[in-house]
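Here is the structure we will look at.
The values are calculated or read from the model by the stated rules, or taken from the named source; none is laboratory data. All of these numbers come straight from a predicted model, not from anything done at the bench. Note: ideal-geometry Cβ built from the backbone for every residue, glycine included; neighbour counts use all protein chains shown.
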């Protein structure tokens, strides 16, 4: 059984304060959450215990400043969609190839050992999110990353992943 105040327990606890805060309800919630997780809570290391505060005390000034800096909901949703798109290995491979140079659908299909139709499907999503853009040249359509922001985002993500691989 995980110790009370542990990081997993705290993460599962709904952060509520005020006059209607019910500690017993939180304990019941945590107990159900521990049961649903299925024993993985017992495998926490001592390093994992440093992830959360031992006591809950929100710094209202810091919370208010963070709330003011929070982007509008539409921007948050758009960013979440971009990161969701980056969560697919095939799309990451396409973006990597396009970060190196402009390629047509046939080039990408050959590179990734996929059908042109499957590549087009992925490119449609990347175009919709403005991560990739097409350029028609005669009967060929070439794709590249949409703009320098996408190039920077991809390269930063790749750099971070490579850094994480080195430990």
Which residue pairs have Cβ atoms closer than 7 Å, lie 6 or more positions apart in sequence or on different chains, and pair a first residue in region 124-142 that is at positive phi and in the same structural domain as residue 106 (by TED's automatic domain parsing) with a second residue that is buried (at least 16 other Cβ atoms within 10 Å of the Cβ) and not in a helix (DSSP H, G or I)?
130/146
Only one of (1) touching a helix residue (DSSP H, G or I) at 6+ places or on another chain (Cβ under 9 Å); (2) under 19 Å from residue 132 (Cβ atoms) does not apply to residue 56, and that is (2)
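Residues are listed down the side, and each one gets a yes or a no for (1) in a helix (DSSP H, G or I); (2) more than 25 Å from residue 75 (Cα to Cα); (3) under 26 Å from the mean Cα position of the chain (by Cα):
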| site | (1), (2), (3) |
| --- | --- |
| 107 | yes, yes, no |
| 117 | yes, yes, no |
| 123 | yes, no, yes |
| 133 | no, no, yes |
| 136 | no, yes, no |
| 144 | no, no, yes |
| 157 | yes, no, yes |
| 161 | yes, no, yes |
Could you please find all residues in region 40-63 being modelled with pLDDT of 75 or more, exposed (fewer than 10 other Cβ atoms within 10 Å of the Cβ) and outside any helix (DSSP H, G or I)?
55, 57, 59
